[in-house]
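Encoded as C-alpha cells, the structure appears first; notes follow it.
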Amino acid sequence: MTDRILEGKTVLMTGAGRGIGRSMSVALAAAGAKVAMIDIDEYVLVESAKEAEDAGGQGSTKAFVCDVTDATRAKATAEEVISAFGSIDVLVTMRSSVRNGSATFSSRPQSSGNWTTTCGMPCCG
C-alpha cells in the first residue's frame, strides 16, 4: 500500500515535462498530492502528466503550458492553478535553461543575459 502523506496538498512543479521534474511529479502524485505540472513543451508535458496521473489517480494532475520567464504569463498560470486546485501549498522549480541545445552553465565568462537566465530563473521565475 502506498503511503499518501501529501494527501490534500497542491504542488506547483515547473520543468515538469522532463528529467527530475517529471520524476518528482510522478512521485508527488503517488504520495497523494495534486500536482500542477508546468512546462514550456506541451508534447512532453502531456506525456508526463499522463504518467503522473497513472501514479496518483484520476484528477491528481493538471498540465499547464507556460514559459515561466514571462512574468505576466507565469502569474496568469498561477491563478489558473489556484482556480483548478484551490491553493498552492508547495512550489518546486525544476526549470532549466538551455540555449541552442546546450545548457547555459559554463566555465567560460557569460554574457549578462545568460547569467541572468541561469541564476535568476531559479530565484525569480
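The values are calculated or read from the model by the stated rules, or taken from the named source; none is laboratory data. Since we're looking at a predicted model, the values are computed, not measured. Neighbour counts run over all protein chains shown; Cβ positions are idealised from the backbone, glycine included.
Listing for the model above:
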{"read-out": "Unique match (being assigned to a loop (DSSP other than H, G, I, E, B), touching a helix residue (DSSP H, G or I) at 6+ places or on another chain (Cβ under 9 Å), closer than 19 Å to residue 77 by Cβ and not β-branched (Val, Ile, Thr)) among 52, 16, 29, 36", "value": "16"}
{"read-out": "Answer from 30, 63, 52, 71 - the residue that is buried (at least 24 other Cβ atoms within 10 Å of the Cβ) and either small (Gly, Ala, Ser) or under 13 Å from residue 92 (Cβ atoms) (or both)", "value": "52"}
{"read-out": "Unique match (being surrounded by 14 or more Cβ atoms within 10 Å (Cβ to Cβ), out of contact with any helix residue (DSSP H, G or I) (no Cβ under 7 Å at 6 or more places or on another chain) and modelled with pLDDT under 95) among 77, 117", "value": "117"}
{"read-out": "Inter-residue pairs, beta-carbon under 6 Å, first touching a residue at least 24 places away in the same chain (Cβ under 8 Å) and in segment 52-76, second of a type in the set (D, E, K, R) and assigned to a loop (DSSP other than H, G, I, E, B), 6+ apart", "value": "68/95"}
